[in-house]
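The values are calculated or read from the model by the stated rules, or taken from the named source; none is laboratory data. Just so it is clear, the structure is predicted and the values come from calculations on it, not from any experiment. Positions of Cβ are backbone-derived with ideal geometry, glycine not excepted, and every protein chain shown enters the neighbour counts.
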Amino acid sequence: MSEVPASPTERRTFLGIILAAIGAVAAGGFGWSMFRFLSPVDRGGEESQVRLERTLVAVGGAHFFAFQGRPAVILQPRAGEYIALNAVCTHLGCIVKWVDESQEFLCPCHAGRFSSAGQVLGGPPPRALATYPVTLDGDDILIG
């Protein structure tokens, strides 16, 4: 039995299919990596309250921590006044960053801006950041 060699058109089609498959696998791997990078880390069932030392939060500063398996942040806008917020943007779930110079939160994904109280200042976020109850216990702060 004799074999008929593949024509150049058949070879190009075969190589195109192979390259498309490799590209699809690479794009899927990159897409999954970006999704995992931008999505908050799920730490499972954590405590319903978090205890932090007051010294961790400077006046006018922010301290990020995990609350019930989600990123959270506590601020001290004025001495002795504390605000605890969910640190996940309400637009697409990216983690917000605290900007000391402007005293506001900025979402790195689509430039959503939030006030120090969690209210939307600009960008695409549809609603404010969720707040958590804060109580003081001696030299500690209790969140939740």
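Miscellaneous remarks
- Some residue of the stretch 32-40 being part of a strand (DSSP E or B) and surrounded by 11 or more Cβ atoms within 10 Å (Cβ to Cβ): no
- Looking across the stretch 69-105 at every residue that is among the polar types (S, T, N, Q) and part of a strand (DSSP E or B), the one that is modelled with the highest pLDDT is identified as ASN86.
- The residues of the stretch 86-127 that are of a type in the set (Lys, Arg) and within 12 Å of ALA62 (Cα to Cα) amount to a single one, LYS97.
- Any chance SER116 is surrounded by 12 or more Cβ atoms within 10 Å (Cβ to Cβ) and in a loop (DSSP other than H, G, I, E, B): yes
- The residues listed here are ALA21, ALA66; of these, the one that is assigned by TED's automatic domain parsing to the domain that holds PRO125 and either under 30 Å from PRO126 (Cα atoms) or modelled with pLDDT of 90 or more (or both) is ALA66.
- Tally of residues being more than 14 Å from SER39 (Cβ to Cβ), surrounded by fewer than 16 Cβ atoms within 10 Å (Cβ to Cβ) and not aliphatic (A, V, I, L, M) across the stretch 78-109: 8
- LEU121 being assigned to a strand (DSSP E or B) and not assigned by TED's automatic domain parsing to the domain that holds MET34: yes
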